Ligand SMILES: [Zn+2]
């Protein structure tokens, strides 16, 4: 078995909000990072439904997205910034969102971080992604409508409720075109520059096809992330798209390869020793963990599902092993939230 190659992509999410509903939770942001990691590793559940003719073209892109742990100054960070803006029309999709002086938030060095801005958009636009070399250097990154970012919270309206808007825009960021090509109206006469994605014309906006469909001569790869297909019906990047993305990474975004944005920073908090340790993750039946803390008072432990609903909640003592029986809970992604006074630690748990 050959070793799987993985490239870490440090991500900073800039939440630029006007009304408080737009100030989405950390958990919602994490759910989007999870979707990116599934989609760029051929790890999503929709893959099973891909027609047989395209199965051999499914790419494990090998990008691993991590919320930055180190900011551009070398300080510890959550990888999330939050800015209240006075723009109540929708700062998303405007140049202003990239600039603190204009009510948005300045990019972190785009050579070292993938900048993702989340905000309200005027009109129905779901997101925007900059192609390599497109637009000013300090505006490189992607912007996503807060209603389409992540998989719960404000992102609960089908068909854009499974985080695929962001997957699609990250595709553009790494130089992928739509399957029908760079122009909107050159049906079957233009290609996307990728050999193994069939020439097509249909964008599949608000559609969820099944089986074999045609818009030009070869069957359409309608489940490709670079169409406009419903979130629930997208499933894959192709091997050719993977090559094109690595070409963009190596030639236009190579700084990401040397970024230390996801390396840990030694902090005072860590020195004090407050830590939530999960012993074995993914979890099969028993979730075993330990909270290390200097204070002896109990911690509130919650296991929260992707809808934000706690399925388990109990007070537990620190510095002693804790075991939670997870067999009653459906398989999937959860967040383990440990809180004590002002301190809150969140870890992702996968039940398999
Ligand atoms: Zn697009």
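The values are calculated or read from the model by the stated rules, or taken from the named source; none is laboratory data. Computed from a predicted structure; not experimentally measured. Cβ coordinates were reconstructed from backbone atoms using ideal geometry, including for glycine residues, and neighbour counts include every protein chain displayed.
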Practice task
Name the strands (runs of 3 or more DSSP E) wholly inside region 24-120 in which the number of residues that are modelled with pLDDT of 95 or more and surrounded by 20 or more Cβ atoms within 10 Å (Cβ to Cβ) is 3 or more.
Solution key: 114-119
Problem - Top-ranked residue in region 174-187 [being touching a helix residue (DSSP H, G or I) at 6+ places or on another chain (Cβ under 9 Å) and buried (at least 24 other Cβ atoms within 10 Å of the Cβ); ranked as farthest from residue 17 (Cα to Cα)] - result: 176
Problem - Considering residues of region 196-211 that are over 21 Å from residue 125 (Cα atoms) and loosely packed, with under 13 Cβ neighbours inside 10 Å only, the residue nearest to the chain's Cα centre (by Cα) - result: 210
Exercise for the section: Report whether or not residue 240 is crowded, with 23+ Cβ neighbours inside 10 Å and either assigned to a helix (DSSP H, G or I) or within 12 Å of the ligand (Cβ to nearest atom) (or both). Expected result: no
Problem - Checklist (1) more than 16 Å from the ligand (Cβ to nearest atom); (2) in a helix (DSSP H, G or I) applied to residue 170, failing item - result: (1)
Exercise for the section: Of the numbered conditions (1) more than 16 Å from the ligand (Cβ to nearest atom); (2) crowded, with 16+ Cβ neighbours inside 10 Å; (3) under 22 Å from residue 47 (Cα atoms), residue 252 fails exactly one; give the number of that condition. Expected result: (3)
Practice task
Please go through region 1-23 and pick out each residue that is surrounded by fewer than 17 Cβ atoms within 10 Å (Cβ to Cβ) and either under 17 Å from residue 142 (Cα atoms) or free of Cβ contacts under 8 Å to residues at least 12 places away in the same chain (or both).
Solution key: 1, 2, 3, 20
Completion exercise
Filtering region 275-294 down to residues that are under 18 Å from residue 314 (Cβ atoms) and in a loop (DSSP other than H, G, I, E, B) yields 285, 293
